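Have a look at the structure below before the remarks.
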Amino acid sequence: MKHWMVLAVIIGLGLGLLLTQPGSAAPGTPGSSDLAIGVHFYPGGPLSDIALQNLADLKPNWVSVSLSWQELQPTPDTRLNFNQLTPLMQLATRENIPVMVSLTQAPSWALSPSGPDPVLTAQFILSLAQRYPGALRAVELFPAANTPEGWGSAPNPAHYASLYREVKHRVQEQVPSLYLVAGGLQPPTPNQISTGALDDLYFLEGLYQQGMAQDMPILSLHLSPLSGDPLKPPSSKAPWGLRHYESIRQMMLSYHHENGVIWITRLSVPDGKINPEDKVYLATEQEIKWLRQALAQIRSQLYIGNVFIYDLNPSQTGLETRSLILGKSERHPLYPLIKWVLQQNSPVGAQLGRPKDQALIKNRDRP
């Protein structure tokens, strides 16, 4: 009888550690086996106060905030003011929700012909990290770096590699736990290519030719805009399908970047911008169906660590965007589905780890 009591105590302690001890890695990061699911939050956007109230209810694995350096510091003498971020960072610290800042638009005084200045970039990131040490866990470094809009100059993988290494060295000397997320690679449209954008696979290969395989623990993708059914196989001639990440992964493996993790930091449901037939997904029912299939597909890929699946609130007033918060008491029909999925990710939820590929489609208990 005593043996059984001892065994019960040991099992109880083990379960307690499993369910309550925080892991050594944030969800979705290298070393974590689970797929993290994040949302985008716009501190200056409409309904931001209501969105913050719902953040504690939704409990996403990550929150992403796009931060324009140009807007915050248009001149070198402008004093940095991060006050607009503070309510989010305080809530994120309280609720233990990691935050990723997506750093965009280096100001002209911090730009050279080869791109953003690495020393000034590192100083900006350190100011942010020191202000919010508990909440800020990752910085995406100039997403869509393979486009002139994302890089601020003519995109060049050698210049990006040089910046990334210098910034990483300077930042991690003081904040070693902060992840620097690389790339934000975006499959360019023909119009973007005509204005100087580089093919994302060509840009990635250029990074690897600079020896970056060992320097980038996390490589991010901006899968926007997209076209077609989420199950459609990838195509080099039309790289705007969801499964384009498979082509990215093949490139990673070709350069022995097996340990690298992919984060999908921007995911958009097809809306007809590439193919008019995709306008069918503008209907809410078809949009939900597309996202369910997409998420089930993504969850089956163990090399994808994080997907930021939807905007929590609109980015601008009057702009036609899709967001989970539609009004003071109005929510997008996706809200309960995403909340349910996040509950499955929770260590105290119904299941641990990644559900099977079709779980989101076949499970009768889901919303």
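The values are calculated or read from the model by the stated rules, or taken from the named source; none is laboratory data. What you are looking at is a predicted structure, and each value in this text was computed from that prediction instead of being measured. For neighbour counting, all protein chains shown are included, and Cβ atoms are generated from backbone atoms with ideal geometry for every residue, glycine included. These accessible areas exclude ligands, DNA and RNA; they are computed on the full protein's heavy atoms, side chains included. Shrake-Rupley method; radii C 1.70, N 1.55, O 1.52, S 1.80 Å.
Within segment 143-176, the residues that satisfy the criterion of being assigned to a loop (DSSP other than H, G, I, E, B), surrounded by fewer than 21 Cβ atoms within 10 Å (Cβ to Cβ) and within 22 Å of the chain's Cα centre (by Cα) are 175, 176. Across segment 122-142, the number of residues qualifying as charged (D, E, K, R) and over 18 Å from the mean Cα position of the chain (by Cα) comes to 1.
Looking at residue 129, is it free of Cβ contacts under 8 Å to residues at least 60 places away in the same chain and exposed (fewer than 13 other Cβ atoms within 10 Å of the Cβ)?
Working: free of Cβ contacts under 8 Å to residues at least 60 places away in the same chain: yes; exposed (fewer than 13 other Cβ atoms within 10 Å of the Cβ): no.
No; evaluated as a whole, the condition is false for this residue.
Against the list (1) surrounded by fewer than 20 Cβ atoms within 10 Å (Cβ to Cβ); (2) touching a helix residue (DSSP H, G or I) at 6+ places or on another chain (Cβ under 8 Å); (3) modelled with pLDDT under 95; (4) in a helix (DSSP H, G or I), the condition residue 293 fails is (3). On the stretch given as segment 274-290, residues that are open to solvent by 10 Å² or more (accessible area, probe 1.4 Å), part of a helix (DSSP H, G or I), of a type in the set (A, V, I, L, M, F, W, C) and closer than 22 Å to residue 238 by Cβ total 2. Given the criteria touching a Ser or Thr at 6+ places or on another chain (Cβ under 7 Å), assigned to a loop (DSSP other than H, G, I, E, B) and under 26 Å from residue 299 (Cα atoms), does residue 228 qualify? No.
Among the residues of segment 31-48, is any in a helix (DSSP H, G or I) and open to solvent by 60 Å² or more (accessible area, probe 1.4 Å)? Can you show your working first?
So in segment 31-48, the residues in a helix (DSSP H, G or I) come out as 48.
Of the ones still in play, those that are also open to solvent by 60 Å² or more (accessible area, probe 1.4 Å) are none.
So far as segment 31-48 goes, no, none of its residues is in a helix (DSSP H, G or I) and open to solvent by 60 Å² or more (accessible area, probe 1.4 Å).
Pairing residues of segment 167-193 that are within 18 Å of residue 140 (Cβ to Cβ) with residues that are in a helix (DSSP H, G or I) and open to solvent by 30 Å² or more (accessible area, probe 1.4 Å), at Cβ distances under 7 Å and at least 6 apart in sequence or on separate chains, gives 167/118; 178/172; 180/168.
Of all residue pairs spaced 6 or more apart or on separate chains, those with beta-carbon atoms under 6 Å, a first member in segment 61-90 that is closer than 17 Å to residue 143 by Cβ and open to solvent by 50 Å² or more (accessible area, probe 1.4 Å) and a second member that is of a type in the set (S, T, N, Q) and in a loop (DSSP other than H, G, I, E, B) are 70/105. Condition check: basic (Lys, Arg), buried (at least 17 other Cβ atoms within 10 Å of the Cβ) and assigned to a helix (DSSP H, G or I). Does residue 249 satisfy that? Here the answer is yes, as residue 249 does meet what is asked.
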